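The values are calculated or read from the model by the stated rules, or taken from the named source; none is laboratory data. Predicted model only: the values in this text are computed from it and were never measured. All Cβ positions, glycine included, derive from the backbone under ideal geometry; neighbour counts span all protein chains shown. With ligands, DNA and RNA removed, areas are computed over all heavy atoms of the protein, side chains included. Shrake-Rupley method; radii C 1.70, N 1.55, O 1.52, S 1.80 Å.
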Amino acid sequence: VQLQASGGGLVQAGGSLRLSCTASRRTSSNNGMGWFRQAPGKERDFVAAISWNGQYTYYADSVKGRFAISRDRAKDTMYLQMNSLKPEDTAVYYCAVSRRAVAGTGADGYAYWGQGTLVTVSS
């Protein structure tokens, strides 16, 4: 099982980044997927999730209206477009594959995790 997250980096407040997560077809084609993040010294928090076919999406209140999750099943890739970034968005971002077709907000509902990509937003 392989999940590869990429696209993190350093950006100024108000800027944008797009994260990508590529998964093996066997693990993701019929499963929901999601993004979580973990800031230094804090718990891992839910960011966004998308159902297996992309029909349903969910967002944490803190990112609603600024972030957009999407997926391309033909490429086995999930994306997180992050706009209007704030310093409090600074964290390591993890992608994950849900145990179910419709992904939830709890980390225990996810079976596979990527290695994380660091996003740093400067003020």
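Kindly indicate which of TYR93, TYR58 is open to solvent by 60 Å² or more (accessible area, probe 1.4 Å), in a strand (DSSP E or B) and of a type in the set (Phe, Trp, Tyr).
TYR58
Looking at (1) crowded, with 16+ Cβ neighbours inside 10 Å; (2) closer than 15 Å to VAL97 by Cβ, can you tell me which one ASN53 breaks?
Unmet condition: (1).
Among what's in segment 100-115 and is in contact with a Phe, Trp or Tyr (Cβ under 7 Å, 6 or more places away or on another chain) and not hydroxyl-bearing (Ser, Thr, Tyr), pick the residue that is nearest to TYR56 (Cα to Cα).
VAL102
Residues are listed down the side, and each one gets a yes or a no for (1) part of a strand (DSSP E or B); (2) surrounded by 18 or more Cβ atoms within 10 Å (Cβ to Cβ); (3) in contact with a Leu (Cβ under 7 Å, 6 or more places away or on another chain):
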site: LEU10; (1), (2), (3): yes, no, no
site: ASN31; (1), (2), (3): no, yes, no
site: PHE36; (1), (2), (3): yes, yes, no
site: ALA48; (1), (2), (3): yes, yes, yes
site: VAL63; (1), (2), (3): no, yes, no
site: GLN81; (1), (2), (3): yes, no, no
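Is it the case, given these coordinates, that SER29 is touching a residue at least 40 places away in the same chain (Cβ under 8 Å) and of a type in the set (Ser, Thr, Tyr)?
So SER29 passes the test.
Do we find a residue being under 17 Å from LEU3 (Cα atoms), touching a Gly at 6+ places or on another chain (Cβ under 6 Å) and in contact (Cβ under 8 Å) with a residue 24 or more places away in the chain anywhere in segment 35-45?
No, segment 35-45 contains no residue that is under 17 Å from LEU3 (Cα atoms), touching a Gly at 6+ places or on another chain (Cβ under 6 Å) and in contact (Cβ under 8 Å) with a residue 24 or more places away in the chain.
Among the numbered criteria (1) surrounded by 13 or more Cβ atoms within 10 Å (Cβ to Cβ); (2) closer than 21 Å to LEU118 by Cβ; (3) not aliphatic (A, V, I, L, M), which single criterion is violated by LYS42?
That leaves (1) as the condition not met.
Using the structure shown, decide if ARG71 is open to solvent by 10 Å² or more (accessible area, probe 1.4 Å), among the charged types (D, E, K, R) and more than 16 Å from THR22 (Cα to Cα).
For ARG71, the condition - open to solvent by 10 Å² or more (accessible area, probe 1.4 Å), among the charged types (D, E, K, R) and more than 16 Å from THR22 (Cα to Cα) - is not met.
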